[in-house]
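Read-outs throughout are calculated quantities, based only on the coordinates presented, and are distinct from any laboratory measurement. All values derive from a computational prediction rather than experimental measurement. Here the Cβ positions follow ideal geometry from the backbone for every residue, glycine too, while neighbour counts run over all protein chains shown.
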Amino acid sequence: MTRTSIRFIFRGAPVEIADFAPRETLLDWLRLRARATGTKEGCAEGDCGACTIVLARARDGVLLHRPVNSCILLLGQIDGAELLTIEDLAVGDALHPVQAAMVEKHGSQCGFCTPGIVMSLFALYHEGARPATRGAVCDQLAGNLCRCTGYRPIVEAALDACAAPPADRFAAATPARLAAIAALADADDILVGDEARGFFAAPACEDSLAALCLRHPDARLIAGATDVGLTITKALRSPEKIIWLGRLSGFDSIASSPTGLSLGAGALLAEAAGPLAAIHEDLGEILRRFGSAQVRASGTLGGNIANASPIGDLAPCLIALGASIELRRGEDVRRMALEEFFIAYGRQNRQPGEFLRRVMVPALAADSAFRAYKISKRFDEDISALLGAFHFTLHGRKIVGARIAFGGMAGTPARAPLCEAACLGIDLDEPDCAEAAVAALSLDFAPIDDMRASADYRRRVAGNLLRKALREIGAPRGASRANLRDLSHVAA
């Protein structure tokens with residue numbers, strides 16, 4: 001069956017829309033059609049958070065509240081969800097606990113970004129651990145800009161509001177809200193528009209997706225739209241055929257085994273973070289600094305890889321770990337090492353009508369060591385100037401195997417083969433063990449100068465990250481990384 005509309009809950013009632021352009025954003029629908037103008041447009045690229053709304057979805061019988069950037073989210077992507085905006089929180093003169101805390105702590109001055117801040121904290125109010133920590137609040141607010149008030153009173157308001165379990169009217173109405181969302185659920189494919197002229201499609205199963213991609217190899221596939229959305233709002237492109245992957249049954253599955261992880265390409269970054277961090281803590285830290293809470297709640301693991309950005313944070317880490325991917329075209333499925341997917345800037349090893357379906361990440365062996373470091377101008381919510389990932393196989397104190405990958409050093413995420421070869425045989429007890437490998441690393445890449453960093457900076461910092469990794473790995477067993485001499489100042 002095929003449905004020709006999208007359905008969602010808004011203002012407590014079901015809404016059905018069948019007349020929208022494939023590229024229409026949620027923010028445009030809210031402000032121009034629903035006249036819900038409390039949600040603001042600031043940067044139009046998902047950085048400032050003024051446009052933050054919350055989508056509530058059911059997962060395994062639990063209602064999850066996720067903050068998202070409505071400026072780069074397409075309207076069709078909210079199918080099956082409950083849409084919550086700043087207008088929904090207060091009832092008459094009775095403010096929501098988050099709003100009341102913001103008033104009490106003087107958390108707003110000009111107020112332009114305040115609706116987005118409140119919606120981010122509303123999501124934390126419902127999803128965060130109790131009592132909320134300062135670190136959790138700061139992570140939640142990393143995607144919300146405030147140039148007027150300063151974050152101290154905002155953080156204090158969040159700590160007050162999120163000190164106890166949620167007790168607002170939304171929490172009280174959870175059973176009814178779950179039932180309303182369940183009433184929207186079906187196994188139908190969605191096609192709004194016309195296959196001949198343009199459409200927004202959302203297949204419900206992978207077979208439907210495969211068939212649709214074969215018929216329309218020119219269609220733009222989106223998962224979270226955290227990258228494609230910018231091409232619409234900033235590059236002003238107008239894709240006429242869009243296929244959303246968010247309805248695919250099982251496409252977001254995550255399975256763990258002693259040999260590693262199997263992750264569906266549609267797995268949200270927010271949900272993949274925990275399983276990846278279980279492989280190594282550095283993966284958890286990389287994902288904590290990956291965009292913002294809004295980006296991680298929309299963006300997917302597969303989307304980050306399939307976009308083939310040379311500065312994508314996950315690809316170098318997964319390449320260093322020896323990850324592989326599965327792609328499907330029609331009935332044919334093929335598997336390849338992740339590094340083979342990236343051919344050149346803007347070019348991927350993907351045939352017309354083929355899509356990424358799964359990512360496999362091996363577990364770390366007992367005799368291996370892994371490190372990954374992100375370097376960016378801002379600590380939070382910033383694109384990497386470069387990212388280095390290092391995976392060494394050890395025999396005692398000697399390196400007998402190496403996989404080293406970087407983002408930001410070439411037109412694609414790429415391994416450093418000369419550096420890897422130079423690392424073989426390194427004795428971690430040698431005081432200058434890294435220097436030959438650092439010299440080889442400078443021959444592996446010819447980075448460019450751009451707005452994020454100069455070529456010389458990138459080369460120098462890449463070498464310093466290799467030194468840092470070897471120093472940490474070679475430290476006495478049980479030594480705290482925090483107590484090692486921090487080499488990151490060399491990169492500043």
**Study point:** Two-site label geometry, LEU443 and THR4: point separation in nm, points 7 Å out along Cα→Cβ
**Key:** 6.5
Review point. What FRET efficiency do you get for LEU236 and VAL62 if R0 is 35 Å and r is their Cβ-Cβ distance, rounded to the nearest 0.05?
Key: 0.35
**Study point:** Debye equation applied to the C-alpha atoms of region 8-148, log10 I(q)/I(0) at 0.13, 0.18 Å⁻¹
**Key:** -0.56, -1.08
Study note, to complete from the structure: With 0.36 nm assigned to each residue of separation and the Cα-Cα distance removed, THR393 to GLU285 gains 36.7 nm
Study note, to complete from the structure: Computed from the beta carbon distance with a Förster radius of 51 Å, FRET efficiency for ALA344 and ALA187 to the nearest 0.05 stands at 0.80
Review point. Normalized C-alpha radius of gyration of region 368-491, against 2.2 N^0.38 Å?
Key: 1.02
Revision key, fill the gap. One computes Rg over Rh for region 417-479 from alpha-carbon atoms, with the Kirkwood Rh, and obtains 1.04
**Study point:** Over 16 Å [Cα-Cα, region 97-167], rounded percent
**Key:** 36
Review point. Relative contact order (percent) for region 73-172, with alpha-carbon contacts under 8 angstrom and 6 or more residues of separation?
Key: 35
Practice item. With viscosity set to 1.306 mPa s and temperature to 10 °C, compute the Stokes-Einstein D of region 254-362, Rh being the Kirkwood radius across alpha carbon pairs; µm²/s, no decimals. Key: 113
Exercise for review: Note down the relative contact order for the chain as a percent, whole number, built from C-alpha pairs under 8 angstrom at least six residues apart.
Suggested key: 12
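Per residue Cα convex hull volume for region 146-233, in cubic angstrom?
194
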Practice item. Quick one: how many lysine pairs does the chain have with C-alpha atoms less than 20 Å apart and a gap of 8 or more or different chains? Give me the count, please. Key: 4
Exercise for review: Please list 246-254, 85-93, 259-267, 292-300 highest first by mean number of surrounding beta-carbon atoms within 10 Å per residue.
Suggested key: 292-300, 259-267, 246-254, 85-93
Exercise for review: Would you pull out the residues with amide H under 5 Å of ALA204's amide H, same chain only if 5 or more places away, H placed 1.01 Å from N?
Suggested key: ASP189, ILE190
Check your understanding: How long is the gain from ARG460 to SER253 if the chain were fully straight, where each residue apart is worth 0.36 nm and the alpha carbon distance is subtracted?
Key -> 70.6 nm
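Multiply the residue separation of GLN351 and CYS138 by 0.36 nm, subtract the distance between their alpha-carbon atoms, and state the gained length in nm to one decimal.
72.5 nm
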**Study point:** Over region 189-244, relative contact order from alpha-carbon pairs under 8 Å, at least 6 apart, %
**Key:** 40
Check your understanding: Kirkwood Rh, Cα Rg: Rg to Rh for region 189-244?
Key -> 0.97
Point to revise | For the chain, the fraction of alpha-carbon pairs in successive 10 Å shells from zero, as % | key: 4, 19, 28, 25, 16, 7, 1, 0
